[in-house]
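**Student:** Would you mind keeping the following structure in view while I ask a few things?
The values are calculated or read from the model by the stated rules, or taken from the named source; none is laboratory data. Just so it is clear, the model here is predicted, and its values are computed rather than measured. Reconstructed Cβ throughout: ideal geometry from the backbone, glycine too, with neighbour counts over all protein chains shown. To get the accessible areas, we keep the full protein, side chains included, count just its heavy atoms, and leave off ligands, DNA and RNA. Shrake-Rupley method; radii C 1.70, N 1.55, O 1.52, S 1.80 Å.
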Amino acid sequence: KLAVIVTTDLLAFRKFLSDNIRDQLKEKYGLSWDQIILNSSHTHTGPETDYPRYEFQLSKEEYNKIKQFSFRVEREIVELVGNAIKALEPVTLSSDNGVTRFQVNRRNNKEAQLNAVPVIKVEVQKGNIKAILFGYACHPTVLSDYQLSGDYAGFAQIELEKLYPGSTALFFQGAGADQNPLP
């Protein structure tokens, strides 16, 4: 059975956005909701997609920018999934776990313990790495400026793609609600 994993360097996939994307993928490609995983890295320096919320004190112009960006994200993800389905090819999947230790509990900041980094490697038949899906359970909050960034997850993706030219690196946020990076 076909399954789709979409990862993004966004703050979040709000329900309305997720529902719209899933509905379109069902209509256009016959994918049921249980065949679709939409994952945001939850980077705190990522763009916002939540235009219906009004708890932020933004001007109408700023809300319109968020709304237009949300429409763009929706449109581009649906197009991306369609292109991926058209380009399906036989691959070999393998998985393993790495470890790292730069996270701390943000409530009590005890010294970090080893945390798993699950990895799925996708290889095309000729042995070349096509994609690397990796996860970590830690907030992407290393950066604290107002520049758009994928934070540590985005930089890890860049480095993996340099290490494995021609591959696509995809970060999958784990259950890291109480985990922050140190520093």
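**Student:** Can you name the residue in the range 158-175 that is in contact (Cβ under 8 Å) with a residue 60 or more places away in the chain and in contact with a helix residue (DSSP H, G or I) (Cβ under 8 Å, 6 or more places away or on another chain) and is also least open to solvent (accessible area, probe 1.4 Å) among such residues?
**Tutor:** Selected residue: Phe171.
**Student:** Does any residue of the range 28-51 turn out to be touching a residue at least 24 places away in the same chain (Cβ under 8 Å), in a helix (DSSP H, G or I), in contact with a strand residue (DSSP E or B) (Cβ under 9 Å, 6 or more places away or on another chain) and over 25 Å from Tyr136 (Cβ atoms)?
**Tutor:** Yes; the residues of the range 28-51 include at least one that is touching a residue at least 24 places away in the same chain (Cβ under 8 Å), in a helix (DSSP H, G or I), in contact with a strand residue (DSSP E or B) (Cβ under 9 Å, 6 or more places away or on another chain) and over 25 Å from Tyr136 (Cβ atoms).
**Student:** Further, regarding this structure: Filter the range 123-148 down to the residues that are within 19 Å of Phe102 (Cα to Cα) and in a loop (DSSP other than H, G, I, E, B), then identify the one that is modelled with the lowest pLDDT.
**Tutor:** Among residues in the range 123-148 that are within 19 Å of Phe102 (Cα to Cα) and in a loop (DSSP other than H, G, I, E, B), the one modelled with the lowest pLDDT is Ser144.
**Student:** Identify the single condition in (1) in contact with a strand residue (DSSP E or B) (Cβ under 8 Å, 6 or more places away or on another chain); (2) assigned to a loop (DSSP other than H, G, I, E, B); (3) over 15 Å from Thr7 (Cα atoms); (4) modelled with pLDDT of 80 or more that Gly176 does not satisfy, given that it satisfies every other one.
**Tutor:** (4)
**Student:** Out of all the residues in the range 155-180, which are more than 12 Å from His42 (Cβ to Cβ) and touching an Asp or Glu at 6+ places or on another chain (Cβ under 9 Å)? Let's see the steps before the verdict.
**Tutor:** Restricting attention to the range 155-180, the residues satisfying the condition of being more than 12 Å from His42 (Cβ to Cβ) are 155-170, 178.
Gln157, Ser167, Thr168, Ala169, listed by residue number.
**Student:** Next question. If you go through the range 102-110 one residue at a time, do you hit one that is modelled with pLDDT of 85 or more, of a type outside the set (A, V, I, L, M, F, W, C) and surrounded by 11 or more Cβ atoms within 10 Å (Cβ to Cβ)?
**Tutor:** No, the conditions are met nowhere in the range 102-110.
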